[in-house]
Every structure is written in C-alpha cells, then in structure tokens.
Amino acid sequence: MQTIVRSTALVALACAAAALLGPSSAAGAVRHGAVDDPPAQRTPAFDNANVRYEPDVMRVEVAYDEAGTVRASVSFYDPPGTSATSPNFNVALELADCTSDEDDTPTLRISFDRGIYNGNIIERAFATRSDALGSLQAQPTVSADGRTFTVEFTHALLAGQNYTCVRPALRQAPPFSPFYFAGFEPPRPAPIPPPARTPTPPRAEMTASAATQAADAYLAARYGERWTTGTRKWLRCPEEEIFPEGLDDDSPAALCEFEVSFGQVFRGGRFLVTLTDNQFSVPSRTFSTSTYSKTRRRCSRLSATRGGYVNGVRLTGRRLRASGFLGCRYLPGGAGMVGDIDAMAAARWPRPFPATVTVGLHGTNRAGFEDRARFPCRVTRRGRREAQRYVFDCANKLGDGFQYAFTVRAPRR
C-alpha cells in the first residue's frame, strides 16, 4: 500500500523569509488571474492497452501580492492516480513582466511535482527566480476531491516585482494557455473601421449584347492579340440563342459561335456564356473548337453515281470541292447540304433548278448564326432534258464554301 509523505521543511531561505516578513509586514497590492483550459482529446485505447493518461489541467489560478507572497493552484479534470489517469505529474508555470520589451526581466517559476518514490507518493512544489540562486520548496495542499493542488510562497525576493502575466514554463507541450493578471491586459487594438460600403452592382441580365461582351473578353484572354487586333474574326451570340432558364442547370445561358484567323488556317467553334451569382463566365466544358482552311479541296471519296429514287432518276458524274469546316464526310451525308441538293434534283426532275438556290446547315440552335449556316448557291446548267449537267457554287458570308457538280439523268425506259 502506498503512503503519501508530505514534507514540511522549507529550505533555509524560506524560513528566513518568514521571519523577515513576520506579523509586521504590510500587505501590498494583490494581482490576480486565472485561466480555464478545455479538456484534452485523449487518444482512444483498447481495454488491454494498460494506458495511463497524463493528468489533464482544468484550471490554473495565481495571486501575487507585491509585498512578497505568491499563491498558485492547479486543478485537474480527474484526480491524479484515479481511473486511467497517471498518479504522476509535473506542471510548471512562470510569472513574468509581459509588458516589457526586455528579454532579461526577472521571472518567477513555480512548479508542482507529484510522483512515486520508493513506493511513496511525494507531492512537492518549488519556486525559483531566474536571477537568483537557490529555490523555495513547500508542501502543496490538496482539495478534498483530490483535484486541486495549492501552494503559497512568501519571501523578500518575491516582493516588488512587476509580474503582469502567467505562462506555461514548459513551452513544447503547454498544459494551459497563458493569461494576464486582471488589469494588466494589453490594450485592445483599435477597432478596424468597417470597409467602405460599395454600392450593390445592378442585377445583370442575360442579353445578346451582354453575352457578346463576355464572350469577347473570354476569347481575348484565350487567343490574345490574334483576337484583340485581328481583322479576320467573327463572333455571334444571337438573341435567338438566349436561354433564360438555362440548359444544363438553372443559370441563364447564351450560345455563341466564333471564328478567328491563324494565318492560312482558321479556328472556330461554339461555347456557352452563363450567368451565375451576377457574374458572366464561360464553362470550359462547353467550349468546342476545330481548325480548318478556306481553300477548297477535292473530295475524292465521293461516289460518282447516286440513285435509288422512286422516280428512277440517277445522278452521275458527281464531283465535290469543299473548304472550311464543312468537311467531305459531312456534306454528302443525309444531313448534309450536298445530300439536300441530290434530293431536290430527284424531286424536281424534269423541271430545272433556278439560277439561285439557298441551302443551309442542319441541326438545332442555328437561328442567328446565318452568317455561318446559310449558303446561297449560284446554279449553272447545261445539257438536254434527259441529261442535265449542274454546277452549284455555294458559300457563306465567312468564305466557307463548296462547289458541287453532277448530271441528272432521266429514268431508264
């Protein structure tokens, strides 16, 4: 069974101090301060871990009498040595002049020590001054619940010091937060004036002009001088392609198309301008682009003959040259403009085509992009009724175009 040995002896210096101060000593001004420390987060452990946690400091309280007395107490959440709490602890605190800029002002260190020595529990407290030799030692008193340890020291060397704060003496793992004696807290900094109130910007609306302005800024940031100073460029964000309720989400959106020159080639595409939180932006996921030339090139894979129409009309001698973003694969397809011309030729036979025919790109969201999507064609014709040779020369306002030649032959008899 362990026993608690409480030392009643003070070092000779402490005895001399008591004699010096005696009953005739007048009390000085008393400075007081305290801090409550939140419970520490314990590392979880299994039952067989045999863990003893270090006692967790709950409160530190210090009173300093300028006549030469200091009284300090440390309280723990659990009494040391109970439950999973270790019976041993060492808590050290330091009284200092925290109002001074000098690093060599004297400090007073008070340490509480509890440990098992030779099977006995020893409880001691020490007081040392940073600029003096020796130390004071005293037996701390323990509260009835075993959670609070209090010690008091009196000595002439403790008198007349300008202690203004208390801080942990062990800086690496401080068991409590530093605090000031009441009335010695540093002055609070002057309140920061509230920022100047800026007027609320007007609520933005998704319009063709607003979307075009946002799209222009985006393309300038993406392509630099090629866009800002280039003369061969095109941009449209038409009113017909404004979606107040949004497309992918609830944010208002506008569909835009563009084209810009890179010397002999062009880069063009489409993207969305969205309005979210009163800010216009271009989501990168909506940006699609391709690179192409305005030079017309022969489409060598075009089938020379096409038939299968209900009226027996056949198209022969088919030749196609295309430029721009149109592509030789897209034009002859069922959704391509050459495919449209083929269907019209079969349906009109034996009536000839007029001198001008307009075709256009298929698909939704083409309204407002007529500069790119609409292709007026100049039509020339020669030959007899049984075999009429046509040449369609078609181009949009941006210089993209194609030339399509074919012969419409009467049904075989």
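Looking at the range 325-413, what strands (runs of 3 or more DSSP E) fall wholly within it and have at least 2 residues that are over 21 Å from Val313 (Cα atoms) and either modelled with pLDDT under 95 or not hydrophobic (A, V, I, L, M, F, W, C) (or both)? Steps first, answer last, please.
Working: elements: 356-360, 374-383, 387-395, 401-409.
Counting at least 2 such residues, we get 356-360, 374-383, 401-409.
Considering only the range 361-378, state which residues are more than 17 Å from Trp234 (Cβ to Cβ) and crowded, with 17+ Cβ neighbours inside 10 Å.
Cys377
Which of the following residues is aliphatic (A, V, I, L, M) and under 45 Å from the mean Cα position of the chain (by Cα): Leu95, Leu108? First the steps, then the outcome.
Details: Leu108 fails: under 45 Å from the mean Cα position of the chain (by Cα).
Residue meeting the stated conditions: Leu95.
Please specify each residue of the range 131-179 satisfying the condition of being more than 52 Å from the chain's Cα centre (by Cα), assigned to a loop (DSSP other than H, G, I, E, B), surrounded by fewer than 20 Cβ atoms within 10 Å (Cβ to Cβ) and not hydrophobic (A, V, I, L, M, F, W, C).
Within the range 131-179, Gly134, Ser135, Gln139, Pro140, Gly160 meet the criteria.
The values are calculated or read from the model by the stated rules, or taken from the named source; none is laboratory data. Note that the coordinates shown come from a computational prediction; the quantities given were computed from them, not determined experimentally. Here the Cβ is made from the backbone with ideal geometry for all residues, glycine too, and neighbour counts use every protein chain on show.
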